[in-house]
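Inspection log for the structure reproduced underneath, given as structure tokens.
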Amino acid sequence: RDTRTLEILSAMALAAGHGTALIYDQDLFGVSDNVISLPALNRFLFKPERLVPETARLDPDWLVFLENPSNGGWIKDICRAFKKSEDLPAKIAVLSLQSEFPEADSVIPGEAEKAFESFLNAIDTGSVPAVIKAEGLADLDALPLPDTLLFSGAEDLSRSYMVYAGKGCSGNCSYCEEVLYKRALGSGYVRMRRPARVIEELVLVKKKHGMKEIISKMRNSRGCGR
């Protein structure tokens, strides 16, 4: 899900005249791994400083992080490593869900797309505050279609594509991250996209990547659905 969100944020930045690039830190044995989760081994292998040279070569003005319910600690560790480097003078912004980030130059609480819109508007004014309050929720059908080239080096979209028909879930399963999003962003967070907009996305991805499989993800009162 975060992949699709980051692709939409990239499309928003590109539409506003900015360049984007992805720095990919593969989570081999962390909580996002679908096969084996070994926290001790994951921590041992995690070396945030190794990302500094690759990031510095891109010479970015801003580094933007997207917080989800489980990666707040990772973001803080990465931010500390980046801040220590004299080769990486870029400022840091965090689209925050529920945490505080003293390591960041700007923190924007709220729904990711709405928060990023507020961040882009602040960049245009030439002054980005330490905290930006992003009010309300994004119009899902008004968002640009995902920039599917962002993850081109990390995923093969010719094989399979995950499309999200909406956001949130009306259920309250204690084990599901959707409950955390709903608590943080309000019950209005649960909503659907227009079918025509979903089809438009699939047609675009098919033309670009020729995917062989589509996985449709939606939420309802019965939980997850495909």
| Of the accessible area of region 105-226, with the probe set at 1.4 angstrom, what percent is carbon plus sulfur? | 54
| query | Leaving out same-chain residues fewer than 8 places away, which lysines sit with a Cα under 23 Å from that of residue 167? | reply | 114, 133, 182, 206, 217
| field | Projected label distance in nm at residue 38 and residue 155, using a 7 Å step from Cα toward the beta-carbon | value | 2.6
| request: Restrict the search to region 26-121; then list the GluC sites (Glu not before Pro) that DSSP places in a loop and that have at most 10 other Cβ atoms within 10 Å of their Cβ. | output: 86
| Based on Cα positions only, what radius of gyration and what Dmax would you give for region 87-226, in angstroms? | 17.2, 50
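Normalised by the residues of the chain, what does the relative contact order come to in percent, with Cα pairs under 8 Å and at least six apart? Write down the numbers at each step before the final one.
Details: 319 pairs, mean separation 40.9, N = 226.
Relative contact order for the chain comes out at 18 percent.
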| query | Any idea of the accessible area per residue across region 8-143, 1.4 Å probe, to the nearest Å²? | reply | 55
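Accessible area of region 1-92 with a 1.4 Å probe: how many percent of it is carbon plus sulfur?
Values: 2910 of 5470 Å².
In region 1-92, the share of accessible area belonging to carbon and sulfur is 53 percent.
Which GluC sites (Glu not before Pro) from region 119-220 combine a DSSP loop assignment with at most 13 other Cβ atoms within 10 Å? Mind dumping the intermediate values first?
Working: sites: 135, 155, 177, 178, 200, 201, 213; in loops: 135, 155.
Filter output for region 119-220: 135.
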| remark: Partner lysines whose C-alpha sits under 16 Å from that of residue 91, ignoring same-chain residues fewer than 8 away, are 76, 83
| Distance (nanometres) between label positions extended 7 Å along Cα→Cβ at residue 179 and residue 70 | 1.6
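Multiply the residue gap between residue 214 and residue 141 by 0.36 nm, knock off their C-alpha separation, and tell me the result in nm, one decimal place. Please report the intermediate quantities before stating the final value.
Values: separation 73, 0.36 × 73 = 26.28 nm, distance 1.97 nm.
Additional length available on full extension: 24.3 nm.
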| said: Helix 2-15 against the longest principal axis of the chain: what's the angle in degrees, Cα atoms only, rounded to the nearest 10? | reply: 70
| remark: Subtracting the Cα-Cα distance of residue 85 and residue 100 from 0.36 nm times their residue separation yields 3.2 nm
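Hey, what number do you get for the chain at 222 nm if only DSSP H runs of n ≥ 4 count, each worth -39500 (n - 2.57), divided across all residues, to the nearest 500?
Values: 7 runs with 80 residues, N = 226.
Counting only the DSSP helices, I get -11000 deg cm²/dmol.
The values are calculated or read from the model by the stated rules, or taken from the named source; none is laboratory data. All values reported here derive from a predicted model rather than from experimental measurement. Please note: Cβ atoms are built from the backbone with ideal geometry, for glycine as well, and neighbour counts cover all protein chains shown. Remember, those area values only see protein heavy atoms, side chains included, never the ligands or the DNA or RNA. Shrake-Rupley method; radii C 1.70, N 1.55, O 1.52, S 1.80 Å.
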